[in-house]
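Enquirer: Sharing a structure, written as structure tokens. Questions coming.
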Amino acid sequence: MIEENLLLILVGLPFAAAVAASTVRATAHGAAAWVSGILLTTGLAILALLRAPISDGQVIRGTLRWVPSLGLNLTFRMDGFVWMFVTLVFAIGILVLIYARYYLSKADPVPRFYAFLLAFTGAMTGVLTSGNILMLVVFWELTSILSFLLIGYWHQGQAARDGARMSLIVTGLGGLCLLVAMLLMGQIVGSYDLDRVLAAGDLVRVDPLYPLVLGLFLLGCFTKSAQMPFHFWLPGAMAAPTPVSAFLHSATMVKAGVFLLVRFSPVLGQTELWFFAVTGTGMLTLVLGSVIALFRHDLKGLLAYSTISHLGLITALAGIGSNGAILAAMFHIVNHAVFKASLFMAAGIIDHETGTRDMRRLSGLIRFMPVTGALAIVASAAMAGVPLLNGFISKEMFFAETADWHNGTWLDNSLPYLATIAGIFAVAYSLRFIATVFFGPEATDLPKVPHEPPSLMRRPVELLVLVCLIVGVLPGLTLGPTLNLAARSVLGADLPYKDIAIWHGLNLPLAMSLVALGAGVALYALLGRRIADGPEGPPLLHRLRAQRVFEKLLLLLTWKLPRIVHRTIGTERLQPQLRLIVLLSIAAGLATLWGSLRLAPVPLATDLNPAFALMWAVGAACAVGAAWLAKYHRFASVVLLGGAGAVTCLTFAWASAPDLAVTQLLVEIVTTVLLLLGLRWLPKRREEIAEDKLLPARMRRIRDVVIAVAAGSGLAGIAYVMMTWPLIPNVGDWFLRNAYSEGGGTNVVNVILVDFRAFDTFGEITVLAIVGVTVFALLRRFRPMPESIMLDEEQTGLDDRTLADALLVPSLLMRWMFPVMIMLAAYLFFRGHDLPGGGFAAGVTVSIAFLLQYLAHDVRWIEARLTVLPIRWMGVGLLVAGATGLGAFLFGYPFLTMHARYVDIPLIGQVPAATALIFDAGVFSLVVGATVLMLIAIAHQSLRTTRMRERDSGTAPGKEAA
């Protein structure tokens, strides 16, 4: 359907905009802003088209099949609540983009900023529209990662780095808790589909795991929405550019938690535990946030704590959970987004035009910035809940819910009083924002002479303030239908229509509002001067700052505790570390299999062949010899290790597994050559370190033999059981039956890798890419020890001239072998789907071709004739493999679904053609890139050593020769 396609386009649009913005030149600030704004405006147009079916009560769904057998699909859904929220995100996002165009300096990498901001918009859109609760968590964590990048945008500042790290740790850990909660909830319901979970509230609430699920779920929501005691990361995020703060605090990041609370209130709510946990935390955050906000001296700091307070208000409404409370929560989500975005932008204008955000230095700005001052005054009044502004209506609805809700508990009885106290402080800090900054005597020590900003920079603030006024005067005509539509999508289609009006008569909520306004003005009049001269917070709360607790806990867990563990069991030697890992592995295996491991009563299919036994005896002798000679002769140890690998290769061939045999042989060659290249950089064995003071050498060797035999025997036993135990049904038989009919190939191993289990292969090549980059990064910073530089002649007994003569013939042979190896790689690649070979084997073959050149020639000679860009090979490989999987979506199939058929080619006949070949090309490219990247890193260590030798001997080439 058209609506489904529009929904899918809407979700992908911000990510496409991020890619487009990132490709713009760093100096083309206007172009990046135009591209970003146009694409987000397109998203608003799509939302306008979706309004009609949403108004009719339709829930629009768009699904891209991922792993249908496990119930994991890329499902997106949009109802009235989601439509309202996504529209808010896109609309404020466009205004933030316009504002950022004039706020950021020309020296800033603005296209990168737009790319981060748009990708963050896409992640937030994914959270809102996800129809699968596990996919929701993926987007949830993506918002944490992208907010880390946005908060740390000015990474040259220490505050930005600290704030970004703090937000990532807190919200990331909360996301892990949310993941566990969603996994448990999905197991309880029997599905991860959001609609089925939302309809299974009775089933979830009676389950014994309900308290655990609720606790983990609330940890995820509270950390994201900065509820006490996890609020401290939000003020630290003020180091971000003001456009980021305006976006994060108004419509995105911090609203994700309250969105989830409202969305899942029918599932997890309606219990006493929910009421006390959610409403109690919300009221605590509401009151303490408003109190602390009054004492902050930084403009953005005051607004940050006011955001924390208003988030507490919305959380408390979600905890109450009545129909009116949910409607009020939705209304305040919109109202708070509008006036808070305008206030942050106004604060940014003040900082931009005066050079400071310190309210102790700001004064009398209404004379220099009358328009900005008027806009900030109206927005602050909306935040305080002044009548005829949008904030007044939703706050009065909150007062009504606190006064009308009754369940007989002490928390319920205290709600009206706590709400009024918070309202008093909200008026006080809003009044302080206005009176301190815009009124009073003219400031004399400002870094800049204040003046109005460019008109287009102020235009988003003007539009938002206009919305505050219109909604405040005409709430029923402007937001009434949208809010009722959103409430019905959460609470049920039979929810009666709620008329939102300004006047509801003389009642208790109005009295609470009037008390809050009058007492707030009086409070600021009494304490305003003392607050300006005092610390940033009441004395008790100032000493009990949660940020200090977090920093001390972080110091304990990341510095002190690891040092204690290192002093206790740590060592600089590799052997004890490996020994500990092997012992832990043995213990874990025994604990898992103890009492359940049974040898299968199935005899071997054939009698043991003497030739096979002799071959294994040779392999075992090579393995034991490699371990024994590792202390005395490392080169011989590597050679023997290669012998053991060759026996493994022959074993695969003996067992009729030629594909595995070919792959094992190629991998063995690459591994051996890489070990030989890196062998010279291993440090000399120092006997004084190698000797163990507690055990003599003989006892130490016996201990190591016992550990090795135990580990090897355990693996051998598990392998024997897996190969002989009767599996019914046998998955191997299924692959054999369906490899040709389903995958279009007769090489079952290759069909499994690139078709049936292609997702596993995609993950494995991603890991290989990460390993390659990590090895390269480590070797780039490696510096050989001084005693390792002049070892060639000492170790070989040959001078450089003799070595060059000895390598002349091998170098010629290896040069001539290069095209032969490339042809062999092509042969293995194209036959891999039907005969032994494939993309992995072809990639390793090409890597061997490069390895031979680096072995036989000087690095400078090779790179002057052969250009290799391994990072690009790796990137292209990942893109090709991923694009192959995404291509299946275009035809309505799950990710990485392959298609096989035969194509008639003139003069040749029928040729097998499968999309798996394209995926295999990605595997080939990445294997070549990762292997050659590690090879180049090792080879350049040799080049660095050669240059050091030339420099020390005085034979370094001159500038012209170089």
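The values are calculated or read from the model by the stated rules, or taken from the named source; none is laboratory data. Here the structure is a predicted model, which means the values were calculated and not measured. Every residue, glycine as well, gets a Cβ built from its backbone with ideal geometry; the counts of neighbours run over all protein chains shown.
Enquirer: Take GLY440 and decide whether it is small (Gly, Ala, Ser) and within 22 Å of HIS336 (Cβ to Cβ).
Expert: No, not satisfied.
Enquirer: So which helices (runs of 4 or more DSSP H) are wholly in region 623-714 and hold at least 3 residues that are modelled with pLDDT of 80 or more?
Expert: Counting at least 3 such residues, we get 634-654, 658-679.
Enquirer: Would you confirm whether or not region 596-611 contains a residue that is at pLDDT 80 or above and outside the structural domain of ILE434 (by TED's automatic domain parsing)?
Expert: yes
Enquirer: Filter region 742-773 down to residues that are free of Cβ contacts under 8 Å to residues at least 40 places away in the same chain and under 15 Å from GLY875 (Cα atoms), then give me how many there are.
Expert: 4
Enquirer: Within region 393-423, which residues are aliphatic (A, V, I, L, M) and farther than 24 Å from VAL334 by Cβ?
Expert: LEU411, ILE421
Enquirer: Those residues that are of a type in the set (S, T, N, Q) and surrounded by fewer than 16 Cβ atoms within 10 Å (Cβ to Cβ), I need them from region 401-459; list them, please.
Expert: Within region 401-459, ASN407, THR409, ASN413, SER414, THR444, SER455 qualify.
Enquirer: Somewhere in region 364-376, is a residue assigned by TED's automatic domain parsing to the domain that holds ALA426, of a type in the set (A, V, I, L, M) and closer than 13 Å to LEU303 by Cβ?
Expert: Yes: region 364-376 contains one or more residues that are assigned by TED's automatic domain parsing to the domain that holds ALA426, of a type in the set (A, V, I, L, M) and closer than 13 Å to LEU303 by Cβ.
Enquirer: Enumerate the pairs (first residue in region 147-158 and touching a residue at least 60 places away in the same chain (Cβ under 8 Å) and within 18 Å of VAL170 (Cα to Cα); second residue anywhere and among the β-branched types (Val, Ile, Thr) and surrounded by 12 or more Cβ atoms within 10 Å (Cβ to Cβ)) with beta-carbon separation below 7 Å, excluding pairs fewer than 6 apart on the same chain, so at least 6 apart or on different chains.
Expert: Qualifying pairs under 7 Å: LEU150/VAL244; ILE151/VAL244.
Enquirer: While we're on this one: Only one of (1) in contact (Cβ under 8 Å) with a residue 60 or more places away in the chain; (2) out of contact with any Asp or Glu (no Cβ under 8 Å at 6 or more places or on another chain) is not met by SER380, so which one is it?
Expert: (1)
Enquirer: What are the residues in region 257-273 that are of a type in the set (A, V, I, L, M) and at positive phi, if any?
Expert: none
Enquirer: So which helices (runs of 4 or more DSSP H) stay within region 425-537 end to end and still have 1 or more residues that are over 20 Å from ALA328 (Cα atoms)?
Expert: So the answer is 455-473, 508-533.
Enquirer: Still on this structure, please answer the following. Would you point out which residue out of THR63, THR87 is assigned to a helix (DSSP H, G or I), surrounded by fewer than 21 Cβ atoms within 10 Å (Cβ to Cβ) and not assigned by TED's automatic domain parsing to the domain that holds ILE333?
Expert: Sole residue among the options that is assigned to a helix (DSSP H, G or I), surrounded by fewer than 21 Cβ atoms within 10 Å (Cβ to Cβ) and not assigned by TED's automatic domain parsing to the domain that holds ILE333: THR87.
Enquirer: Then there is this: Which of the residues belonging to region 621-643 are out of contact with any helix residue (DSSP H, G or I) (no Cβ under 7 Å at 6 or more places or on another chain), closer than 14 Å to GLY712 by Cβ and free of Cβ contacts under 8 Å to residues at least 24 places away in the same chain?
Expert: Result: VAL624, single match.
Enquirer: Take ALA181 and decide whether it is surrounded by 22 or more Cβ atoms within 10 Å (Cβ to Cβ), more than 18 Å from VAL244 (Cα to Cα) and in contact with a Leu (Cβ under 6 Å, 6 or more places away or on another chain).
Expert: Against the criterion (surrounded by 22 or more Cβ atoms within 10 Å (Cβ to Cβ), more than 18 Å from VAL244 (Cα to Cα) and in contact with a Leu (Cβ under 6 Å, 6 or more places away or on another chain)), ALA181 qualifies.
Enquirer: Which residues, taken from region 91-109, are within 24 Å of the chain's Cα centre (by Cα) and either in the same structural domain as GLU452 (by TED's automatic domain parsing) or not aliphatic (A, V, I, L, M) (or both)?
Expert: Of everything in region 91-109, those that are within 24 Å of the chain's Cα centre (by Cα) and either in the same structural domain as GLU452 (by TED's automatic domain parsing) or not aliphatic (A, V, I, L, M) (or both) turn out to be GLY93, PRO109.
Yes or no, residue by residue, for (1) basic (Lys, Arg); (2) at pLDDT 90 or above; (3) over 19 Å from SER309 (Cα atoms):
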residue: TRP410; (1), (2), (3): no, no, yes
residue: ALA419; (1), (2), (3): no, yes, no
residue: ALA422; (1), (2), (3): no, yes, no
residue: ALA428; (1), (2), (3): no, yes, no
residue: HIS451; (1), (2), (3): no, no, yes
residue: VAL465; (1), (2), (3): no, yes, yes
residue: ASN484; (1), (2), (3): no, yes, yes
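Enquirer: Can you name the residue in region 266-316 that is among the hydroxyl-bearing types (Ser, Thr, Tyr) and in contact with a Lys or Arg (Cβ under 7 Å, 6 or more places away or on another chain) and, of all such residues, is surrounded by the most Cβ atoms within 10 Å (Cβ to Cβ)?
Expert: Going through the qualifying residues, I end up with THR307.
Enquirer: Going residue by residue through region 99-113, is there one that turns out to be in a helix (DSSP H, G or I) and without any contact (Cβ under 8 Å) to a residue 12 or more places away in the chain?
Expert: no
Enquirer: Please go through region 878-926 and give me each residue that is charged (D, E, K, R) and free of Cβ contacts under 8 Å to residues at least 12 places away in the same chain, ordered by number.
Expert: Of everything in region 878-926, just one residue is charged (D, E, K, R) and free of Cβ contacts under 8 Å to residues at least 12 places away in the same chain, namely ASP904.
Enquirer: Here is a further query. If a residue must be part of a helix (DSSP H, G or I) and either polar (S, T, N, Q) or within 30 Å of the chain's Cα centre (by Cα) (or both), how many such residues does region 317-338 contain?
Expert: Number satisfying all stated conditions: 12.
Enquirer: Now for a different question. In region 191-229, which residues are crowded, with 23+ Cβ neighbours inside 10 Å and assigned to a loop (DSSP other than H, G, I, E, B)?
Expert: TYR192, SER225, ALA226, GLN227
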